[in-house]
Amino acid sequence: MNLLKTGTWRSNVASSWLMTFSFLWLLSQHCCRASAVWTAYMNISFHVGNRMLSELGETGVFGRSSALKTVAGVIVPPQGKTQNACNPSTVFSKPKNSETWLALVERGGCTFTQKIKVAVEKGASGVIIYNFPGTGNQVFPMSHQTFEDVVVVMIGNLKGMEILHLIRKGVHVTVMIEVGRKHIIWMSHYFVSFVIVTTATLAYFIFYHIRRLWVARIQSRRWQRLTTDLKKAFGQLQLRVLKEGDDEVGPNGDSCVVCFELYKPNDTVRILTCKHFFHKNCIDPWVLAHGTCPMCKCDILKALGIQVDVEDGTESLQILMSSELPGLLSPREEGPGNEPPPAGRLDKVTHVEVEAQPASQTAGQAESVSADVHPPP
């Protein structure tokens, strides 16, 4: 009996692995594109007396939807104490001439999109947003609405406050922003969550299939042992071929309690451990299905040393024996086909029984067995 459909399992495993790998690859590609970050080189220039000082550094990071291009102009903060530019009526001290200017805005108070929208409506060519107080020079790529040809950059709080103090002192501060280097943030929180979920799923998938194969292998070994034990056990039960003149086939003979048919000459009967006997082709399936004698309920399999688990089931056991022992559960043939076994086989069986017991004891046993068999009510 084919207990393991190995080929089907292997194809299912291969298909599952292929689908998982494809999904993983596509999502990783998406994660890589979504996590691309561009730094910003900022050349900040201002006058101190008669001297022009400048500071160049990779101090900013572009917003996710920012235009990636070079822009230069005067840095202009909002007027008043509120520097977040969330109010549409926010006023910027724009340069008197037509010089390009960039808004310097504090983070907080509203969304990044709202701040950028207010600054762009006031005529800014770019927006520099500095981080919350207490964050030092920490920056991150902002998520905001796309504004055409508008550069949006975040800088650290310390750098932003430094520029704001210079402007409040009346210093004319200009900046040139250039596109810096591209960075891939592999370990974003989305990617980490995906990796954790995927790893847990794959671990469960692998554990499930390993356990399934392991259980099937144990089941296969158990069936093999059971097959061997059943062969040996049924070989221990005596077989007898009824002949003319036996009491069982006489006018007062009994019938088999399994098929309710009278015993006839040349019928092969099997004698159980409880000394009751029945047609071989009737009692063999009965014992496999019920495990007991149909008359006295003696546990035949247990008496033969066979332990069958309840989970094995009657149907599985019968299928096993029909495939492993095809002669054991063959249907009983009626009429002309019901002929005695070949002479050699019959002599062999009879010879074994005679050697086991003297003739007088054999006759006595036959009478005893005949006395134990009672016709059904």
Subset of region 230-254 (residues that are touching a helix residue (DSSP H, G or I) at 6+ places or on another chain (Cβ under 9 Å) and either of a type in the set (A, V, I, L, M) or assigned to a helix (DSSP H, G or I) (or both)): Leu230, Lys231, Ala233, Phe234, Leu237, Leu239, Val241, Leu242, Asp247, Glu248
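Considering each of Ile167, Ile196, Ile177 in turn, give the residue that is outside any strand (DSSP E or B), among the hydrophobic types (A, V, I, L, M, F, W, C) and within 20 Å of Asn43 (Cα to Cα).
Details: Ile196 fails: within 20 Å of Asn43 (Cα to Cα); Ile177 fails: outside any strand (DSSP E or B).
Just a single option satisfies the conditions, and that option is Ile167.
When region 76-107 is examined, which residues are found to be among the small types (Gly, Ala, Ser), loosely packed, with under 14 Cβ neighbours inside 10 Å and either within 55 Å of the chain's Cα centre (by Cα) or closer than 13 Å to Val127 by Cβ (or both)?
Restricting attention to region 76-107, the residues satisfying the condition of being among the small types (Gly, Ala, Ser) are 80, 85, 89, 93, 98, 103.
Retained after the next criterion (residues that are loosely packed, with under 14 Cβ neighbours inside 10 Å): 80, 89, 93, 98.
Hits for region 76-107: nothing passes.
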Out of the residues in region 65-75 meeting the condition of being of a type outside the set (A, V, I, L, M) and crowded, with 18+ Cβ neighbours inside 10 Å, tell me which one is nearest to Val152 (Cα to Cα). Ser66
Among the residues of region 197-218, which ones are of a type in the set (A, V, I, L, M, F, W, C) and surrounded by 12 or more Cβ atoms within 10 Å (Cβ to Cβ)? Leu202, Phe205, Ile206, Leu213, Ala216
What do you reckon, is Thr146 in contact (Cβ under 8 Å) with a residue 12 or more places away in the chain, surrounded by 13 or more Cβ atoms within 10 Å (Cβ to Cβ) and in contact with a helix residue (DSSP H, G or I) (Cβ under 7 Å, 6 or more places away or on another chain)? no
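All of the numbers you see were taken from the coordinates with simple rules; none came from a lab. None of these values were measured; they are calculated from a predicted model. In this analysis, Cβ positions are derived from the backbone assuming ideal geometry, glycine residues included, and neighbour counts consider all displayed protein chains.
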